[in-house]
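Have a look at the structure below, then the notes.
The values are calculated or read from the model by the stated rules, or taken from the named source; none is laboratory data. All of these numbers come straight from a predicted model, not from anything done at the bench. When we count neighbours, we look across all protein chains shown, and the Cβ atoms used for this are built from the backbone with ideal geometry, even at glycine. Note: accessible area is taken over every heavy atom of the protein model, side chains too, but ligands, DNA and RNA are not part of it. Shrake-Rupley method; radii C 1.70, N 1.55, O 1.52, S 1.80 Å.
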Amino acid sequence: MRLAYAVAAPDGGAPPLAWCGPLEAVLERVRAAGFEGVELYVVDPGRLDPVRLAGQLGDAGLSAAAVCTGEVYGRDRLYLSARDGEVRRAAMARSRAIIDFAAALRVPVNVGRLRGPAAGDPEAARRALDALAELATYAQGRGTYLVLEPVNHHELDLVNTTSEGISWVRQVNEEGLRLMLDLYHVHLADVSVPAAFVTAWAAGVLAHVHVCDSNRLAPGWGHLPLRDVLAILAAVGYTGWVTVECLQRPSPEETVRQAGSHLRRLLEELRTSPAGFRQ
Ligand code: LER
Ligand code: MN
């Protein structure tokens with residue numbers, strides 16, 4: 001598995017769960033903290049040049065891991081389940097533009113809050129599923145795919161648990177839609193954190209992972225069973241990205257250092273003494 005850190009693309013967004021700042025300096029610190037990649041938070045792809053960004057990442061010795069779309073809902077309130085056709089069409093147009101951007105970087109696109117809520121509307125799930133099917137086909141045609149992220153019930157009421165996520169991926173049944181798990185949402189929504197990761201892997205759909213700690217701070221500053229999750233991912237042979245997506249508190253500089261050193265220490269323990277990993 002490869003470690004990435006969430007970073008805001010320079011498009012005017014200010015995501016609370018990613019490092020927002022002058023890109024060159026941010027990338028240098030992310031690399032220095034031991035990360036191999038960045039997951040780019042994108043809200044307005046029209047303001048971005050993927051070729052220039054790819055060059056900046058390469059210069060910093062980093063790869064792009066994925067594109068995260070949470071702020072399309074969080075800031076601009078565009079979402080795929082919207083009853084209002086204009087909001088839905090705008091969400092689709094923005095999603096296609098983000099897929100184009102991600103395809104140029106050869107990375108998948110996260111669909112977390114972007115799918116939107118149901119808010120008591122029995123037709124909302126159908127609209128979101130239809131939109132996902134259309135976008136999955138669009139992504140596949142451009143050589144990439146979407147990763148659907150179950151999100152806890154405090155944020156959304158549509159696809160909260162891992163089994164709901166697996167069920168949606170199966171219903172859409174397109175190569176262009178897979179599943180991702182965010183440890184924070186899993187611990188709030190699922191019965192068992194380890195079982196969620198094992199089940200998603202066994203279903204053959206797990207393609208991306210987000211981590212943080214129980215308080216949404218950097219890994220190691222709370223009490224989530226991150227060690228167990230990494231042990232499971234290593235044991236099953238997961239080779240995808242694990243992105244740190246957390247509150248940038250007390251500062252992004254301290255957060256990235258804590259996240260990098262904690263994760264690298266856990267992975268080193270796992271590599272050198274897998275049998276004793278849980279002690
Ligand atoms: C938000 O809680 C989140 O986890 C993002 O990855 C997607 O919106
Ligand atoms: Mn997430």
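A few notes on this one:
- Filtering the stretch 222-272 to residues that are free of Cβ contacts under 8 Å to residues at least 12 places away in the same chain, open to solvent by 30 Å² or more (accessible area, probe 1.4 Å) and polar (S, T, N, Q) leaves only THR272.
- LEU179 fulfils the conditions (1) surrounded by fewer than 23 Cβ atoms within 10 Å (Cβ to Cβ); (2) away from ligand 2 (no atom under 12 Å from the Cβ); (3) not β-branched (Val, Ile, Thr) except for a single criterion, (1).
- Scanning the stretch 105-119 for residues that are more than 16 Å from ligand 1 (Cβ to nearest atom), at positive phi and modelled with pLDDT of 95 or more yields a total of 1.
- Check on HIS210, in contact (Cβ under 8 Å) with a residue 24 or more places away in the chain, under 17 Å from LEU17 (Cα atoms), within 18 Å of the chain's Cα centre (by Cα) and open to solvent by 50 Å² or more (accessible area, probe 1.4 Å): no
- Listed by position, the helices (runs of 4 or more DSSP H) inside the stretch 1-97 whose residues that are over 30 Å from GLN258 (Cβ atoms) number at least 1 are 50-59.
- The stretch 54-101 - residue that is open to solvent by 20 Å² or more (accessible area, probe 1.4 Å) and of a type in the set (Ser, Thr, Tyr) and, of those, farthest from ligand 1 (Cβ to nearest atom): SER63
- The selection criterion, being away from ligand 1 (no atom under 16 Å from the Cβ), modelled with pLDDT under 95 and more than 18 Å from VAL43 (Cβ to Cβ), does not hold for ALA125.
- Extreme residue, surrounded by the fewest Cβ atoms within 10 Å (Cβ to Cβ), among residues of the stretch 182-206 that are among the hydroxyl-bearing types (Ser, Thr, Tyr) and away from ligand 2 (no atom under 15 Å from the Cβ): SER192
- Total residues in the stretch 30-53, condition crowded, with 16+ Cβ neighbours inside 10 Å, over 17 Å from PRO219 (Cβ atoms) and away from ligand 2 (no atom under 16 Å from the Cβ): 6
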